[in-house]
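The values are calculated or read from the model by the stated rules, or taken from the named source; none is laboratory data. As the structure is a computational prediction, the values presented were derived from the model and not from experiment. FYI the Cβ positions are ideal-geometry reconstructions off the backbone, even for glycines, and counts take in every protein chain you see. Remember, those area values only see protein heavy atoms, side chains included, never the ligands or the DNA or RNA. Shrake-Rupley method; radii C 1.70, N 1.55, O 1.52, S 1.80 Å.
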Amino acid sequence: MNKNSILFKLNLIFILTFIVSTALFLFVYITLQRQSNFEFIRKSMLLVRTKNLNTYAQSENINIINNTDEINNILKHAKVLLKKEMPAGRQNWVLFKFKSNTYLYIHTPYKNFLLKKGQKFSAPDFILILWVVFIVSILFLYISILKSIYPIKVLRKKIEEFKKGNLDINFELKRKDEVGFLAKEFQEAISNLKKSTESRQWFLRNVAHELKTPIAKGMIASELLNDENRKQNFLTIFKRLDVLINELLSIEQIAAKNIEDSSKCYKFSQILESAKKLLFLENEKVKYKPTINYTIKVDIDFFTIAIKNLLDNGIKFSSDNTISIYEKNNKIIFSNMGEKSQIDVDKMFEPFSKETSLKNKEGMGLGLYVTKYILDKHNVKVTYAYENGENMFILDIKHILCNN
């Protein structure tokens, strides 16, 4: 169990409360029980010295046992609590416990007495009842708190679903405590976010589709220009706009799709081949030897786009137009020889972050952003490193490995 969790601390408090309270009540109970026994002994000693035995015994709630068989049975089977032996000819006594009753056997030079302590409600009994009531109350409070905390676990699971992009979840709890209030606030926040997301998606789709038509017409019109320079300039502009819109639409499609529902297990080599086909790459440009060939659970369409972008980026900025792929320790590494990236690592995966070199003059700076977006949706962490003249993008795939 997590030592920082509320449940662990609650259990610890309950255990400590139980131990301390039990020790305290036990100490008080034993002390009062001893006092009660000594009071019984004192009164019994006075009783055997008085002439009016029965009257005194009745007034002090003490029973005198006269039946010989009963006396012998008690003395034979009783448990000795206290014992006091005096020199010969003096008065001796023994305190017994038998069948939850307390007895005192007094031996005098003249006569022997067996006295039974009366069953009267006393201070030790009160302490015992008080301890039981206290423990039951603490146990009831503990169970009540557990019931109050349990919905937090439910909320946590739903928050995890929300983190994965699922907005169709219900946080509503019919409770009037702090947990119920928290669930209500979460539900309202998700409802507002869902409305905002739907509005953004609707706006993005409509704007993108509205722009598609004039861009297509502009490209057709550009082909009719007689001036070759102007023609190429206009075509470049329209092509860049078309690429930008396609990238934005792909991001919107990824955001709208539940990756987990569409994910299945595929060999990495299969995904890599699909990515190479999208780029029309020749085999000699991708150096890959499937030493492990991990089987991973992914949305094949979107994950292929992420791998395609990593291949395209690696080959574009490599010094020898090749990229190498390695597999080890639940990681897939994309490596290419070349100069270190000019972009800071913190900004590398941000949208529209791009190098200004000639190799990237047609790029929009969305490739790595889309790649990270797809990988994040798959719970795959991607990091960048530069070692020994190599640019490396490292994919941690431990969370999406399939059981072979």
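Things to note:
- All of (1) within 22 Å of Ser36 (Cα to Cα); (2) surrounded by 12 or more Cβ atoms within 10 Å (Cβ to Cβ); (3) out of contact with any strand residue (DSSP E or B) (no Cβ under 7 Å at 6 or more places or on another chain) hold for Tyr105 with one exception: (3).
- Residue that is farthest from the chain's Cα centre (by Cα), among those in the range 133-151 that are open to solvent by 70 Å² or more (accessible area, probe 1.4 Å) and within 30 Å of Glu185 (Cβ to Cβ): Phe140
- Within the range 373-388, being closer than 15 Å to Phe334 by Cβ and buried (at least 20 other Cβ atoms within 10 Å of the Cβ) holds for Ile374, Leu375, Val380, Val382.
- Residue within the range 194-206 that is surrounded by 14 or more Cβ atoms within 10 Å (Cβ to Cβ) and modelled with pLDDT of 75 or more present: no
- Against the test of being within 30 Å of the chain's Cα centre (by Cα) and modelled with pLDDT of 70 or more, the options Gln232, Gln187 yield a single qualifying residue, Gln187.
- The residues of the range 1-46 that are at pLDDT below 80 and open to solvent by less than 40 Å² (accessible area, probe 1.4 Å) amount to a single one, Ser5.
- Residues of the range 384-401 that are in contact (Cβ under 8 Å) with a residue 24 or more places away in the chain and out of contact with any helix residue (DSSP H, G or I) (no Cβ under 8 Å at 6 or more places or on another chain): Tyr384, Tyr386, Gly389, Glu390, Met392, Ile394, Asp396, Ile397, Lys398, Ile400, Leu401.
- Qualifying residues in the range 46-59 (those that are touching a helix residue (DSSP H, G or I) at 6+ places or on another chain (Cβ under 6 Å) and free of Cβ contacts under 8 Å to residues at least 24 places away in the same chain) - the one nearest to Leu115 (Cα to Cα): Tyr56
- Scanning the range 60-82 for residues that are under 60 Å from the mean Cα position of the chain (by Cα) and either in contact (Cβ under 8 Å) with a residue 24 or more places away in the chain or part of a strand (DSSP E or B) (or both) yields Ala78, Lys79, Val80, Leu81, Leu82.
Here's the yes/no breakdown for (1) open to solvent by 80 Å² or more (accessible area, probe 1.4 Å); (2) free of Cβ contacts under 8 Å to residues at least 60 places away in the same chain; (3) touching a helix residue (DSSP H, G or I) at 6+ places or on another chain (Cβ under 8 Å):
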{"residue": "Phe96", "(1), (2), (3)": "no, yes, yes"}
{"residue": "Phe113", "(1), (2), (3)": "no, no, yes"}
{"residue": "Ser122", "(1), (2), (3)": "no, no, yes"}
{"residue": "Leu128", "(1), (2), (3)": "yes, no, yes"}
{"residue": "Trp131", "(1), (2), (3)": "no, no, yes"}
{"residue": "Leu155", "(1), (2), (3)": "no, yes, yes"}
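- Odd one out for Gln342, checked against (1) open to solvent by 10 Å² or more (accessible area, probe 1.4 Å); (2) part of a helix (DSSP H, G or I); (3) closer than 15 Å to Tyr384 by Cβ: (2)
For every residue, the table says whether it meets (1) under 36 Å from the mean Cα position of the chain (by Cα); (2) among the aliphatic types (A, V, I, L, M); (3) over 23 Å from Glu284 (Cβ atoms); (4) modelled with pLDDT under 75.
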position: Ile315; (1), (2), (3), (4): no, yes, no, no
position: Ser324; (1), (2), (3), (4): no, no, no, no
position: Ile333; (1), (2), (3), (4): yes, yes, no, no
position: Lys340; (1), (2), (3), (4): no, no, yes, no
position: Thr371; (1), (2), (3), (4): yes, no, yes, no
position: Leu375; (1), (2), (3), (4): yes, yes, yes, no
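Residues checked against (1) modelled with pLDDT of 75 or more; (2) under 30 Å from Asn63 (Cβ atoms):
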site: Tyr110; (1), (2): yes, yes
site: Phe113; (1), (2): yes, yes
site: Leu139; (1), (2): yes, no
site: Pro151; (1), (2): no, no
site: Gly165; (1), (2): no, no
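- Filtered by the rule that a residue be assigned to a helix (DSSP H, G or I), within 16 Å of Leu375 (Cα to Cα) and at pLDDT 85 or above, the range 260-300 gives Phe268, Ile271, Leu272, Ala275, Ile300.
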